[in-house]
Structures are given as C-alpha cells and as structure tokens.
Amino acid sequence: MISMQDEIARRISAAWPDAQVEVQIDGNRALIVVTSGHFDGLSRVARQQAVYAFVEDMIADGRLHAVTIRASVPNA
C-alpha cells in the first residue's frame, strides 16, 4: 500500500513533471512544498489553490485535517 506522503507527491509529479515536490505528514497534517514552472504568473493564492486540488479528496474524507502549502516558481 502506498503511503499518503508518496501518493500526494505522485499526484503532483504526474500532473507537473517539472515539479520539485516535498511532502511531510504528521498524523493528519501535511506540509506540501512544491516548486514548479506551472506557477509562473500565478498569485500566491492561485498557487496554493492549484496544489490544494491534489489533496481535496483527502481532506473531504478526513485523511487530512490541516494542510500547509508552500508553492513557488523556480529561481524566484
């Protein structure tokens, strides 16, 4: 069975192959750090919303309770 940490990283990497992804899970809380060219031109909020979409189902079904997202553009 794949860990939640690996599942989140896999989802993001599959959609954005250029992304550098780091996921840390502590109980039902996650820290997701993503650096990707996909974010170029997006506001901070839009970047967070884009990443949030990958874990929305995990929040809805209770696997995750809190998510901290750090999303940035490479070399920015």
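The values are calculated or read from the model by the stated rules, or taken from the named source; none is laboratory data. Every value quoted in this text rests on a predicted model; they were computed, and no experiment measured them. Neighbour counts run over all protein chains shown; Cβ positions are idealised from the backbone, glycine included. Side chains are part of the model used for accessible areas, which takes the heavy atoms of the whole protein and leaves out ligands, DNA and RNA. Shrake-Rupley method; radii C 1.70, N 1.55, O 1.52, S 1.80 Å.
So which GluC sites (Glu not before Pro) in segment 1-59 end up in coil per DSSP with only 16 or fewer other C-beta atoms within 10 Å? Display every interim value, and only then the final one.
Working: sites: E7, E22, E56; in loops: none.
Answer in residue order: no site qualifies.
Contact order for the chain, expressed relative to its length and based on alpha carbon pairs under 8 Å spaced 6+ residues apart, stands at 33 percent. For the chain, the solvent-accessible area works out to 62 Å² per residue, with a probe of 1.4 Å and every protein chain left in place.
Return the calculated 222 nm mean residue ellipticity for the chain, to the nearest 500 deg cm²/dmol, obtained by summing -39500 (n - 2.57) across DSSP H runs with n ≥ 4 and dividing by the residue count.
On the way: 3 runs with 26 residues, N = 76.
Calculated mean residue ellipticity at 222 nm is -9500 deg cm²/dmol.
For the chain, the longest principal axis of the C-alpha atoms and the axis of helix 4-15 are separated by about 30°.
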